[in-house]
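The values are calculated or read from the model by the stated rules, or taken from the named source; none is laboratory data. This one's a predicted model, so the numbers in the text were calculated from it and none came from an experiment. Note that each Cβ is placed from the backbone with ideal geometry, even for glycine, and that neighbours are counted across all protein chains shown. Note: accessible area is taken over every heavy atom of the protein model, side chains too, but ligands, DNA and RNA are not part of it. Shrake-Rupley method; radii C 1.70, N 1.55, O 1.52, S 1.80 Å.
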Amino acid sequence: TVNSRLLKAGILIFLAFAVCAFVCYLAVKIYDKGICIRDSQSIVTDQATQIEIKASPHFPEANVRALFNLTNGCNLAEIDFNKRRLEALKKYPLFSNIKITKRLPDKVTIAVEERKPIARINFEKDSSGRVKWLVVDSEGIVFNFPLKDSNALPIIKESKHSTNKGQKVSGKAQMALRLVELCSSKDIANIHLTEVDVSDDIYLVARTREYNKIELLWDYICKKGVHDAGNMDDAIRKISSIISADLKTGHYQTFIVTDRDRVTVSPNEKEFIR
């Protein structure tokens, strides 16, 4: 009859669903068991062979291990390495990058890369009240750095501190940084900066190891308030050329640049016109 046929069809459909549900249940169990096996294989039992740390010069290996909670007994499969990496980069501006290489199931390599400072800028006080210089790299990022490894770097002087640790310099400080980079290049070999002072409203003032002073008119190296590194490059190359061709080494001079075609050298007020 129709009713019996419908009943049989219903039973078959129910059995089909039951079989599918059982198969899914078995698949989940097998998958979960696989995860458990994999997780148990990811437990660190020997740090020396399972974890490789390539620490930076100023951030010890033990500190890197602590950042990622890497100890004997930890489970590598349960550590969110990417999250911890991003947290570390935010907390420590000293780091330019952290590279993580995982080799399943139980090995990992962490390589920490440091920023390279090119100038000192501003300072901060530590918990004991001691003053510590901050430094800045070529990307303009400000970070703390040991004084013994940075005391030979030129100083960028501002009228007031404009950039805190972990931030990026801007404005006049950015121009000072560009000047430091320029004078560190291979083709400017006779200007060794000790200080770049951007606190004056009229001139950017730089001093060198050879007791020379450089004054660059802000109105010349800026265009309507926008800093123009091209004009500054042009001025520094002119001064470098003058030093190489006309001046005695070690003789105190002040170089003043107010426009593209003229460099005035004091105390003799000698002008070099292109």
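When +1 charges are put on Lys and Arg Cβ atoms and -1 charges on Asp and Glu Cβ atoms, the dipole computed for region 59-152 relative to its Cα centre reaches about 20 debye. In this structure, the pairs whose alpha-carbon distance is over 27 Å, taken from 157/238; 83/160; 99/157, are 83/160; 99/157. Straight-line cross-link partners of residue 270 among the aspartates and glutamates, defined as a Cα under 20 Å from its Cα and at least 8 positions apart when in the same chain: 210, 215, 234, 246, 259, 261. Here's how it looks for residue 192: its modeled amide H is under 5 Å from those of 209, 210, which are all 5 or more places away or on a different chain. Annotation: residue 81 carries an accessible surface of approximately 10 Å², with a 1.4 Å probe and no ligand, DNA or RNA atoms counted. Roughly how many percent of the accessible protein surface of region 132-244 is carbon and sulfur, given a 1.4 Å probe and a whole-percent answer? Carbon-and-sulfur percentage of accessible area, whole number: 48.
Measuring max minus min along each principal axis, the C-alpha atoms of region 80-158 give extents of 51, 28, 20 Å (largest first). Taking a ≥ b ≥ c as the square roots of the Cα gyration tensor eigenvalues, with a/c under 1.5 meaning rounded and otherwise prolate when a/b beats b/c, else oblate, which class fits region 144-274? It comes out oblate by the Cα gyration axes.
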